[in-house]
Ligand SMILES: NC(=O)C1=CN([C@@H]2O[C@H](COP(=O)(O)OP(=O)(O)OC[C@H]3O[C@@H](n4cnc5c(N)ncnc54)[C@H](O)[C@@H]3O)[C@@H](O)[C@H]2O)[C@@H](O)CC1
Ligand SMILES: [K+]
């Protein structure tokens, strides 16, 4: 699913009106109609007071049109206008006029805190103050209005975007954002919904189809796109009946040092469960018995050193390499990585301490094989790209690094981003239970395994992140967030593959059994 910028959405609105020969007020009627249908389906005429707070732009226009439709259907509605300027939009004015056709109760014009209404906890608040037209933080008494709404426990429904959030810009003032319980957004979700600083204000959302021009939506390159099951399913490669283990790649995994061998165990198990044909693990001598006992399917290649990694031989030409898990950052390990990069052309997975070593020796960037996938956690990412000011600055820094060195870099989080040259993919699976030790080692093993099986690097990264999150979701469903461990995620990798091919159950008609 594509994510468009506010600018692109305005353009989509314009083209839609032009092609469908409708006015922007007609489009607003359609948009408000979708919100009305959503509410009406759920409320079924219930007389719960609905307070609609409108701004003076088109988001306010949506609120007015919704108010008219609700009043027409007998709902108990109060409409308020935050009358902070007389620069009202055309569609706002048209809908301001139209609401007067259906009620004698004109919208209440608010011009300061004295006009704020009392709201009963069981009432419903509709937030139509600002939409994607917000260009600066909400200030003055309108911010006080936002605080007033936020102080109420009443259910808050935001139209298009919670007021105070920018569709694709940083949060300017976290206090001045409506804490909506649910957001009904038009056509496509906004970038803000998926980034940590702004996403926290959008716990639940639904995108309502308002019939924007399909050609524009299909042909326009989005600023990002969300990875959903059908896309991942389309990447999956069926196994050939006559294939053998040599057809599924030989992954070399290098890492581990004394006291951190578990990382390699987790990565190895995850790699095997993700389907690579052969796995060789390269560990310091002290890790040999641990690996051979814990992962009997893997071959083990001991380092020359007892406690740390000093040399990673690749003269036997593995299909690909995953390096860095629990590896430590000793000087001899840095040398081993430099040699590995110099001797390897094919893209590899670079994780954990290998990334920390690259951060310490920035000249190593130039020798990383193109197409390699870097899987930093937030701390490692900070060391790689420097301190960022906000989520968008972080993305920009990562994009530049990807483009400069032709790399794929993950920005891990509630919605992990897979960023490659010219592309941002937003993962849709995963949960807070996965914020646990070793979870990243499992992910690196999965991506390395997919890469070894011949999936293109960008596909291996997207698929690995999606399946990892899906396995984590199944673990959380069965165990609860707290009990999710890396091993529990890994043991559900098989389920995450099977889930790709599970059909959604058709909707049940609960009344049909009577
Ligand atoms: N045909 C269309 O263009 C459609 C527009 N729609 C609605 O229109 C919204 C966008 O409307 P607008 O572009 O009118 O903008 P908004 O209604 O989001 O904002 C209103 C105006 O307030 C001003 N403003 C921005 N930040 C401010 C601040 N912090 N304090 C005070 N004033 C500020 C801006 O000049 C902006 O134009 C969408 O989010 C959506 O709800 C929908 O009705 C769908 C169709
Ligand atoms: K809003």
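The values are calculated or read from the model by the stated rules, or taken from the named source; none is laboratory data. Bear in mind the structure is a predicted one, so any value in this text is a computation, not a measurement. Cβ atoms come from the backbone with ideal geometry, glycine included; neighbour counts cover every protein chain shown.
Observations on the structure shown:
- The set of residues in the range 158-170 that are more than 10 Å from ligand 1 (Cβ to nearest atom), in contact with a helix residue (DSSP H, G or I) (Cβ under 6 Å, 6 or more places away or on another chain) and under 22 Å from residue 65 (Cβ atoms) contains only 165.
- Helices (runs of 4 or more DSSP H) fully within the range 409-514 that include at least 3 residues being on the phi > 0 side of the Ramachandran plot and assigned by TED's automatic domain parsing to the domain that holds residue 281: none found.
- Test: residue in the range 2-14 that is modelled with pLDDT of 95 or more, crowded, with 16+ Cβ neighbours inside 10 Å, more than 31 Å from the chain's Cα centre (by Cα) and in the same structural domain as residue 71 (by TED's automatic domain parsing): no
- Qualifying positions in the range 136-157 - free of Cβ contacts under 8 Å to residues at least 40 places away in the same chain, buried (at least 17 other Cβ atoms within 10 Å of the Cβ) and within 10 Å of ligand 1 (Cβ to nearest atom): 138
- Evaluating residue 362 against the criteria (1) at pLDDT 95 or above; (2) more than 30 Å from residue 173 (Cα to Cα) leaves one unmet condition, (1).
- Subset of the range 20-52 that is part of a helix (DSSP H, G or I) and more than 13 Å from ligand 1 (Cβ to nearest atom) - its residue that is nearest to the chain's Cα centre (by Cα): 38
- The requirement of being over 26 Å from residue 42 (Cα atoms), within 13 Å of ligand 2 (Cβ to nearest atom) and assigned to a loop (DSSP other than H, G, I, E, B) is not satisfied by residue 169.
- Taken as a whole, the condition of being in the same structural domain as residue 386 (by TED's automatic domain parsing), touching a helix residue (DSSP H, G or I) at 6+ places or on another chain (Cβ under 9 Å) and within 20 Å of residue 468 (Cβ to Cβ) applies to residue 298.
- Residue match in the range 77-90 (condition: closer than 21 Å to residue 13 by Cα and in contact (Cβ under 8 Å) with a residue 60 or more places away in the chain): yes
- Look at (1) closer than 22 Å to residue 432 by Cα; (2) touching a helix residue (DSSP H, G or I) at 6+ places or on another chain (Cβ under 9 Å); (3) more than 11 Å from ligand 2 (Cβ to nearest atom) and you find that residue 183 fails only one, number (3).
- Residue 66 being touching a helix residue (DSSP H, G or I) at 6+ places or on another chain (Cβ under 7 Å), farther than 27 Å from residue 143 by Cβ and crowded, with 21+ Cβ neighbours inside 10 Å: no
- Residues that are within 19 Å of the chain's Cα centre (by Cα) and under 21 Å from residue 401 (Cα atoms) occur in the range 465-472; there is at least one.
- Pairs where the first residue, in the range 264-276, is on the phi > 0 side of the Ramachandran plot and the second is outside any helix (DSSP H, G or I) and surrounded by fewer than 24 Cβ atoms within 10 Å (Cβ to Cβ), C-beta under 7 Å, 6+ apart: 275/453
- Scan of the range 304-323 for residues that are part of a loop (DSSP other than H, G, I, E, B) and in contact with a strand residue (DSSP E or B) (Cβ under 6 Å, 6 or more places away or on another chain), ordered by number: 312, 318, 319
- The single residue among 96, 75, 80 that is in a loop (DSSP other than H, G, I, E, B) and buried (at least 16 other Cβ atoms within 10 Å of the Cβ) turns out to be 75.
- Among the residues making up the range 108-134, those that are away from ligand 2 (no atom under 16 Å from the Cβ) and either assigned to a loop (DSSP other than H, G, I, E, B) or not assigned by TED's automatic domain parsing to the domain that holds residue 177 (or both) are 111, 112, 116, 117, 118, 119, 120, 121, 122, 123.
- Test: residue 145 is farther than 15 Å from residue 36 by Cα, within 16 Å of ligand 2 (Cβ to nearest atom), touching a helix residue (DSSP H, G or I) at 6+ places or on another chain (Cβ under 9 Å) and in a helix (DSSP H, G or I): yes
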